[in-house]
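These notes concern the structure reproduced below.
The values are calculated or read from the model by the stated rules, or taken from the named source; none is laboratory data. Quick caveat, the model's predicted, so the values are computed rather than measured. Neighbour counts are summed over all protein chains in view; Cβ atoms, including those assigned to glycine, are modelled from backbone coordinates with ideal geometry. What goes into the accessible areas is simple: the full protein's heavy atoms, side chains included, and nothing from ligands, DNA or RNA. Shrake-Rupley method; radii C 1.70, N 1.55, O 1.52, S 1.80 Å.
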Amino acid sequence: MAGVAGKFVKSGLLRVQSNGIIQQSHLSTLRELSVGKKAGLVVVGSLIGGAAGLAYTLDQSVKASGLDLHAPHFPWSHNGMFSSLDHASIRRGYEVYKQVCSACHSMKYLAYRNLIDVSHTEEEAKEEAASIQVTDGPNEEGLMFQRPGKLSDRFPSPYPNEEAARNANNGALPPDLTYITAARHGGEDYLFSLLTGYTDPPGGITLRDGLYYNPYFPGGAIGMAQALYNELIEYSDGTPATASQMAKDVATFLKWAAEPEHDDRKKMALKALMLFSFLISVSYYWKRHKWSVLKTRKIVYKPKSE
Amino acid sequence: MSLVAKLYNNVLRRSSTYALAIVTGAFFFERGFDMATEHLYSEINKGKLWKDIKHNYAPAE
């Protein structure tokens, strides 16, 4: 008798009930809410979504996205998820910065020691540092003196202060280039486009003296003249120094300067993704293993048989 | 005695040897894993890293 009753009750528990509610759906906390509370949740959700949409639209509306041209995405060799920077290009980019850009732009947060094992050997970096003169002191007589640079010295700035820089450049301040790829929308794509994008102003646009036309610069009128021309410098590794080659190399160099951890970061990503995908699969198996007891249990009411 | 049973009886059974196994296992795993990923990374980026162009500027060591 008991066996028959047990079978009957069991089959009743196993059958999907006619109103379509299966047992597991009782785990949901939403079921217990009243209609009013559910409606309240919907209202709160749509308010949050609407506010996010509004914030996004307002943010877009204040961006100067009128006539300025956005830089296209270039196929940088460091674009990939695990792709390092091209260090030969960094070295050439340093040559371009030193011979062209550094006439007006400082890179005051970069020291010569940072070049070691990135683009230069230690001896080369020492030579580069020794080629500049640094004011040091005071000495025993209380006087400042000049000495050749050391590895710990930062890159020299072309102007002593911002006012001097503006005065020498028609009122325009040449920005410090250390973190420039991080500080501009479009990063190295923008820099490359800017450096190679100088054109004559289109009809109807007249520029003040000392301003130049560049469609990639917000507003179009830029205080910097075109700096890169074919064969302007000579690369020490013999690469033909076309204007676009120099722009590409200096953009890579500045990308490294802004993100010196770039290569290590991508190597870490490789390690972390490998390790964590393994750990996730282990913990998924472990969870299934631990829950298998709960998931497969059946609670049976067995009436006491006479 | 199977290999698993041998492992259990000699290593995993006592907390002292179990902890030791974890520490030495971590050491060798990390060395191996680091070397493998370093190798993979320099294969992906062959020709672009500093160690690939260093010989152009430094005398061979």
Can you confirm whether region A:219-230 contains a residue that is of a type in the set (S, T, N, Q) and open to solvent by 60 Å² or more (accessible area, probe 1.4 Å)? yes
Residues that are within 12 Å of chain A (Cβ to nearest Cβ) and open to solvent by 100 Å² or more (accessible area, probe 1.4 Å): which helices (runs of 4 or more DSSP H) entirely in chain B hold 1 or more of them? B:15-44, B:50-53
Which residue pairs have Cβ atoms under 8 Å apart, sit 6 or more places apart or on different chains, and have a first residue in region B:35-59 that is free of Cβ contacts under 8 Å to residues at least 24 places away in the same chain and a second that is open to solvent by 90 Å² or more (accessible area, probe 1.4 Å) and part of a helix (DSSP H, G or I)? B:Ser42/B:Lys51; B:Ala58/A:Glu123
Name the residue that is modelled with the lowest pLDDT, counting only residues in region A:178-195 that are open to solvent by less than 70 Å² (accessible area, probe 1.4 Å) and more than 17 Å from A:His105 (Cβ to Cβ). A:Gly186
Residue set A:Lys266, A:Lys255, A:Lys248; condition open to solvent by 40 Å² or more (accessible area, probe 1.4 Å), charged (D, E, K, R), touching a residue at least 24 places away in the same chain (Cβ under 8 Å) and on the phi < 0 side of the Ramachandran plot; output residue A:Lys248
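Let's see how each residue does on (1) open to solvent by 40 Å² or more (accessible area, probe 1.4 Å); (2) at pLDDT 95 or above; (3) within 14 Å of chain B (Cβ to nearest Cβ); (4) over 19 Å from A:Ser152 (Cα atoms):
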| residue | (1), (2), (3), (4) |
| --- | --- |
| A:Lys63 | yes, no, no, yes |
| A:Gly66 | yes, no, no, yes |
| A:Phe74 | yes, yes, no, yes |
| A:Ser83 | no, yes, yes, yes |
| A:His87 | no, yes, yes, yes |
| A:Val96 | no, yes, no, yes |
| A:Leu110 | no, yes, no, no |
| A:Leu115 | no, yes, yes, no |
Quick one: would you say A:Lys287 is modelled with pLDDT of 95 or more and open to solvent by less than 80 Å² (accessible area, probe 1.4 Å)? no
Take A:Glu141 and tell me if it is surrounded by fewer than 17 Cβ atoms within 10 Å (Cβ to Cβ), among the charged types (D, E, K, R), within 14 Å of chain B (Cβ to nearest Cβ) and free of Cβ contacts under 8 Å to residues at least 40 places away in the same chain. no
Condition met for A:His78 (in contact with a Ser or Thr (Cβ under 9 Å, 6 or more places away or on another chain) and either closer than 25 Å to B:Tyr57 by Cα or open to solvent by less than 40 Å² (accessible area, probe 1.4 Å) (or both)): yes
